[in-house]
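Input: a single structure, listed below in structure tokens.
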Amino acid sequence: MIRIKRKINKLRGSRSNGGGCTKKRRGAGHKGGRGQAGGKKHHWSWIVKFDPKHYGKYGFKRNKSTVKQVSTVNLDYLDLHSDKLLHDGTASKQGDSIVIDVTSLGYNKVLGNGKILKPLIIKSPSFSKSAQVKIQEAGGEAILLE
């Protein structure tokens, strides 16, 4: 086998090789236990020096009642599936335009990704600014629900 580090000749003829009594370097007790043993006791200084974030909690936890779940849908999806929604009965027709209530689809915000080619009347609790602009440019209407 190739030796990576230098050959150690020091203390090779002695009985204990510099480990004191021959019984001393037998098991894991010589190094204070295996793994993370003694992390809160005799290896505490090692934890403080080399792994200070080992114990404890970090960051914040928000109360679930204060976290608002936002489920979004893009304009290109609504434009692409408007005929199918009309056929299924989840959307209705009003004049030349199709009326879509996104809350019935399980969404609560409309985003402005994609192009809109048909005049759509979209009802939603919230819209992005780009979505409102694109809906109005296509001849539709963005109705805010309360």
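Considering Lys134, Lys118, which residue is among the charged types (D, E, K, R) and farther than 22 Å from Gly89 by Cβ?
Numbers: Lys118 fails: farther than 22 Å from Gly89 by Cβ.
When all the criteria are applied, what remains is Lys134.
Sort out which residues of segment 112-131 are closer than 25 Å to Lys68 by Cα and within 27 Å of the chain's Cα centre (by Cα), and write them in order of number.
Selection gives Gly112, Asn113, Ser124, Pro125, Ser126, Phe127, Ser128, Lys129, Ser130, Ala131.
From the residues in segment 127-146 that are in contact (Cβ under 8 Å) with a residue 40 or more places away in the chain and over 11 Å from Leu75 (Cβ atoms), which one is surrounded by the fewest Cβ atoms within 10 Å (Cβ to Cβ)?
Residues of segment 127-146 that are in contact (Cβ under 8 Å) with a residue 40 or more places away in the chain, as a first pass: 131, 134-135, 139-141, 145.
Subsequent filtering for residues that are over 11 Å from Leu75 (Cβ atoms) retains 139, 141, 145.
Working: Gly139: 13, Glu141: 16, Leu145: 11.
Going through the qualifying residues, I end up with Leu145.
Restricting to segment 97-111, name every residue that is of a type outside the set (D, E, K, R) and either within 12 Å of Val70 (Cα to Cα) or without any contact (Cβ under 8 Å) to a residue 24 or more places away in the chain (or both).
Taking segment 97-111 and keeping what is of a type outside the set (D, E, K, R), we get 97-100, 102-108, 110-111.
Passing the criteria: Ile98, Ile100, Thr103, Ser104, Gly106, Tyr107, Asn108, Val110, Leu111.
Scan segment 49-74 for residues that are among the aliphatic types (A, V, I, L, M) and modelled with pLDDT of 95 or more and jot them down. Step through it out loud before you land on a result.
Residues of segment 49-74 among the aliphatic types (A, V, I, L, M): 67, 70, 73.
Scanning segment 49-74 gives a single hit, Val73.
Conditions: (1) in contact with a Lys or Arg (Cβ under 9 Å, 6 or more places away or on another chain); (2) at pLDDT below 95. Ser92 meets all but one. Number of the miss?
Condition (1) is where Ser92 drops out.
If only one of Gly29, Gly13, Gly20, Gly56 is without any contact (Cβ under 8 Å) to a residue 40 or more places away in the chain and surrounded by 10 or more Cβ atoms within 10 Å (Cβ to Cβ), which one is it? Give the steps one after another, and end with the answer.
Numbers: Gly13 fails: surrounded by 10 or more Cβ atoms within 10 Å (Cβ to Cβ); Gly20 fails: surrounded by 10 or more Cβ atoms within 10 Å (Cβ to Cβ); Gly56 fails: surrounded by 10 or more Cβ atoms within 10 Å (Cβ to Cβ).
None of the others qualify; the one that does is Gly29.
Pairs under 7 Å by beta carbon, first residue in contact (Cβ under 8 Å) with a residue 24 or more places away in the chain and within 17 Å of Asn108 (Cα to Cα) in segment 60-83, partner aromatic (Phe, Trp, Tyr) and buried (at least 16 other Cβ atoms within 10 Å of the Cβ), six or more apart or different chains?
Taking only residues 6 or more apart or on different chains, the pairs are Ser71/Tyr107; Thr72/Tyr107; Val73/Tyr107.
The values are calculated or read from the model by the stated rules, or taken from the named source; none is laboratory data. Values in this document were obtained by computation on a predicted structure and should not be read as measured data. All Cβ positions, glycine included, derive from the backbone under ideal geometry; neighbour counts span all protein chains shown.
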